Amino acid sequence: MNLLEVIKTRRSIRRYKSLNVPDDVINQLIDAARYAPSADDVQPWEFIIVKDGRIKEQLAKAHAWSYFVKDAPVCIVVLGNEEASPSYFAIDVACATENLLLAAHALNLGACWVAVYDPHDPSSERHVRTVLNVPQHLRIIAMVPIGYPDEKVEPRNLRDINKIIHSNSF
């Protein structure tokens, strides 16, 4: 697939086959993530790769929309170093997470962004921090369950391009 096809055909996948994802493929995903842009090239991201079923079961309890984390062969937890980049860690890590999602799709894997970071409600982040023993200076941005897709997700209805483009001013 070319890049534009990868971008346009990626979907959030929440059901996975019970096939293991090889370590070299996981490393390719992390490698793609680390090529993301970051403010002042700080690269404030860290990743925890979770394969242990008991740990994934605990992560799945982070909030109501994380239930399927337990069923994925692997879950990559994406962290942002708030000390290294106090103003931009969340944005930079979001860019890295998107790279990871696109790389997963390009490698015929299914993945889904499961948000954890919420500056208005820290309860999910607190839960994941406790489960994984994450140091306080690292913020938990997202969990990305990954596996070989066991569902086909239909294309989304996108907003009309002419309603989102503004020329020279709003």
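If you go through the range 55-80, how many residues are polar (S, T, N, Q) and out of contact with any strand residue (DSSP E or B) (no Cβ under 6 Å at 6 or more places or on another chain)? Result for the range 55-80: 1. The set of residues from the range 31-47 being within 10 Å of Met143 (Cα to Cα) and surrounded by fewer than 17 Cβ atoms within 10 Å (Cβ to Cβ) is empty.
Yes or no, residue by residue, for (1) within 15 Å of Gly147 (Cα to Cα); (2) within 14 Å of the chain's Cα centre (by Cα); (3) modelled with pLDDT of 95 or more; (4) open to solvent by less than 20 Å² (accessible area, probe 1.4 Å):
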| residue | (1), (2), (3), (4) |
| --- | --- |
| Met1 | no, no, no, no |
| Lys17 | yes, no, yes, no |
| Ile26 | yes, yes, yes, yes |
| Leu29 | yes, yes, yes, yes |
| Ile49 | yes, yes, yes, no |
| Asp52 | yes, no, yes, no |
| Val78 | no, yes, yes, yes |
| Asn81 | no, no, yes, no |
| Ala84 | no, no, yes, no |
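Among the residues making up the range 129-153, those that are more than 21 Å from Ile26 (Cα to Cα) and either without any contact (Cβ under 8 Å) to a residue 40 or more places away in the chain or β-branched (Val, Ile, Thr) (or both) are Arg129, Thr130, Val131, Asn133, Pro135, Gln136, Lys152, Val153.
Residue under question is Glu83, and the condition is that it be within 19 Å of Pro135 (Cβ to Cβ) and assigned to a loop (DSSP other than H, G, I, E, B); does it hold? Answer is yes for this residue.
So that you can scan it fast, the table gives a plain yes or no per residue for (1) over 20 Å from Thr130 (Cβ atoms); (2) in contact with a His (Cβ under 7 Å, 6 or more places away or on another chain); (3) β-branched (Val, Ile, Thr); (4) not in a loop (DSSP other than H, G, I, E, B):
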{"site": "Ile26", "(1), (2), (3), (4)": "yes, no, yes, yes"}
{"site": "Leu29", "(1), (2), (3), (4)": "yes, no, no, yes"}
{"site": "Ala32", "(1), (2), (3), (4)": "yes, no, no, yes"}
{"site": "Pro37", "(1), (2), (3), (4)": "yes, no, no, no"}
{"site": "Gln43", "(1), (2), (3), (4)": "yes, no, no, no"}
{"site": "Phe47", "(1), (2), (3), (4)": "no, no, no, yes"}
{"site": "Lys56", "(1), (2), (3), (4)": "no, no, no, yes"}
{"site": "Ala62", "(1), (2), (3), (4)": "no, yes, no, no"}
{"site": "Val69", "(1), (2), (3), (4)": "no, no, yes, yes"}
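Here is a yes/no grid of residues against (1) closer than 20 Å to Tyr16 by Cβ; (2) at pLDDT 95 or above; (3) assigned to a loop (DSSP other than H, G, I, E, B):
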| residue | (1), (2), (3) |
| --- | --- |
| Ala103 | yes, yes, no |
| Pro119 | no, no, yes |
| Glu125 | no, yes, no |
| Arg129 | no, yes, no |
| Arg139 | no, yes, no |
| Glu151 | yes, yes, yes |
| Glu154 | yes, no, yes |
| Asn157 | no, no, yes |
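For the range 111-136, a tally of residues being charged (D, E, K, R) and surrounded by fewer than 18 Cβ atoms within 10 Å (Cβ to Cβ) returns 3. Do we have Asn108 as modelled with pLDDT under 95 and either within 29 Å of Val6 (Cα to Cα) or crowded, with 17+ Cβ neighbours inside 10 Å (or both) here? So Asn108 fails the test. Taken together, the criteria place Ser66 among residues that are closer than 20 Å to Glu125 by Cβ and either out of contact with any Leu (no Cβ under 6 Å at 6 or more places or on another chain) or surrounded by 15 or more Cβ atoms within 10 Å (Cβ to Cβ) (or both).
The values are calculated or read from the model by the stated rules, or taken from the named source; none is laboratory data. The model shown is predicted, which means the values in this text are computed figures rather than measured ones. Because the Cβ atoms are built from the backbone with ideal geometry, glycine has one as well, and the counts that use them run over all protein chains shown. Heads up: the accessible areas ignore ligands, DNA and RNA and are worked out on the full protein's heavy atoms, side chains in. Shrake-Rupley method; radii C 1.70, N 1.55, O 1.52, S 1.80 Å.
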